[in-house]
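Taking it in order: structure first as structure tokens, then the write-up.
The values are calculated or read from the model by the stated rules, or taken from the named source; none is laboratory data. Bear in mind the structure is a predicted one, so any value in this text is a computation, not a measurement. Reconstructed Cβ throughout: ideal geometry from the backbone, glycine too, with neighbour counts over all protein chains shown. What goes into the accessible areas is simple: the full protein's heavy atoms, side chains included, and nothing from ligands, DNA or RNA. Shrake-Rupley method; radii C 1.70, N 1.55, O 1.52, S 1.80 Å.
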Amino acid sequence: MTVTVERTGGRGRGRVVNSTRRQGSSGHRRDSYTLFLLPGAVAFLAVIVVPFLMNTGVSFTDWRGVGSPEWSGLANYRALLDDSEFWTSFRHSLFMVVAMAAVPTAVGLVLAAALFDYVGKRFGSRWAAVLRACFYLPQVLPIAVAGIVWSWILAPDNGSLNEVLKAVGLGSWQQDWLGDPDIALYSVMGVMVWVQLGFPLVVFMAGLQRVDPQLYEAAELDGAGWWRRFRHITVPQIRPEIYVVLTWCTIAALKVFGAVYVLTKGGPGGATNVPSYFSFTTFFEKTQVGYGAAVSTVLTVIILAVSLIGLKVQTRAEDAEDAPTGVRT
């Protein structure tokens, strides 16, 4: 018995010592991981938090960019409420959300399923990869280069689009695509669909890699066609990717600037003006620094709200998927 007690005690002490060592090792590992987060945290503070706070502070002033800013309180924000140009720019942002989030997500989903389920199986994965790269190419092009090329294509006099329409006998359809206030916004939307389409397509094709092939095989055995497999298997299985793409593309649409700057500079007559470009012109061209800062602050708050709502909806949907069947509401 003495030997047993001593052995038990020894094991107990060993467990205590091992547990203490594990806790010490875990705490040390956690501290070492924290060190890796420091550069990112410092960069986030220096590049995001501090400039945003400085911009918010300037938005409460009346400042022309030189001299000392004068405190004006909420005057800039009250002026925004009565500024029709400001609200018009936000209405144009809704069109951009359609062009950069809704349409690319819907079209990208169908194209990804077609490339993965039809082209990949009939012609090989290499052809699917080539087509995927072609769709993604606009994403890697600098927006300045893409904008200049599209301005040549959409030029009214000798643009490629008008020349093609004339060549096929549709000369009456020729338009000043970027100079007509009635169609300039739709022209920019078409360009943005072309630019944005590759991103959701690549994300959805990556998401399709994790779908169990047995689901498609079972559906095919039951006689389900491509469209039914797409509706009842593809869309539900890659729903998390759909939420991510919609949130990401909506944020990109709300802060779009480069394409508008290169293609139309917000014109003609403000027909393509968006909040980010409106803030830019107010800030740098009209030198109403405080007012431009107020516009960018409102835009930032809206983007943060959209991000939080998107994450909340995604989390709730994932929780509903993970919950037992009887618990779902």
Condition met for A224 (farther than 14 Å from A99 by Cβ, open to solvent by less than 40 Å² (accessible area, probe 1.4 Å) and not in a helix (DSSP H, G or I)): yes
Selection from segment 159-192 of residues that are farther than 18 Å from I148 by Cβ, open to solvent by less than 60 Å² (accessible area, probe 1.4 Å) and in a helix (DSSP H, G or I): L165, G171, L185, M189
Elements of type helices (runs of 4 or more DSSP H) in segment 257-329, at least 2 residues being of a type in the set (A, V, I, L, M), touching a residue at least 40 places away in the same chain (Cβ under 8 Å) and farther than 16 Å from H92 by Cα: 289-322
Single match in A106, A144, A99, A113 (criterion: aliphatic (A, V, I, L, M), in contact with a Phe, Trp or Tyr (Cβ under 7 Å, 6 or more places away or on another chain) and either part of a helix (DSSP H, G or I) or buried (at least 18 other Cβ atoms within 10 Å of the Cβ) (or both)): A113
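For segment 180-200, state whether one or more residues are in contact with a Ser or Thr (Cβ under 6 Å, 6 or more places away or on another chain) and either over 14 Å from V260 (Cβ atoms) or not aliphatic (A, V, I, L, M) (or both). Even if it seems obvious, please write down each step before you answer.
Just the residues of segment 180-200 that are in contact with a Ser or Thr (Cβ under 6 Å, 6 or more places away or on another chain), to begin with: 184-185, 188, 200.
Still in the list and also either over 14 Å from V260 (Cβ atoms) or not aliphatic (A, V, I, L, M) (or both): 200.
Yes, because at least one residue in segment 180-200 is in contact with a Ser or Thr (Cβ under 6 Å, 6 or more places away or on another chain) and either over 14 Å from V260 (Cβ atoms) or not aliphatic (A, V, I, L, M) (or both).
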When residues of segment 49-88 are limited to those that are open to solvent by 90 Å² or more (accessible area, probe 1.4 Å) and under 26 Å from the mean Cα position of the chain (by Cα), the one nearest to Q288 (Cα to Cα): M54
Considering residues of segment 251-268 that are within 10 Å of the chain's Cα centre (by Cα) and open to solvent by 20 Å² or more (accessible area, probe 1.4 Å) only, the residue nearest to E285 (Cα to Cα): K255
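Being under 29 Å from Q288 (Cβ atoms), among the basic types (K, R), loosely packed, with under 15 Cβ neighbours inside 10 Å and without any contact (Cβ under 8 Å) to a residue 60 or more places away in the chain is true for just one of R91, R122. Which residue is that?
So the residue among R91, R122 that is under 29 Å from Q288 (Cβ atoms), among the basic types (K, R), loosely packed, with under 15 Cβ neighbours inside 10 Å and without any contact (Cβ under 8 Å) to a residue 60 or more places away in the chain is R91.
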Filter pass, G292 being touching a helix residue (DSSP H, G or I) at 6+ places or on another chain (Cβ under 8 Å), at pLDDT below 90 and crowded, with 20+ Cβ neighbours inside 10 Å: no
Contacts under 7 angstrom Cβ, first residue in segment 54-68 being in contact (Cβ under 8 Å) with a residue 24 or more places away in the chain, partner among the polar types (S, T, N, Q) and part of a loop (DSSP other than H, G, I, E, B), 6 or more apart: F60/S72; T61/S72; D62/S72; R64/T287; G65/T287
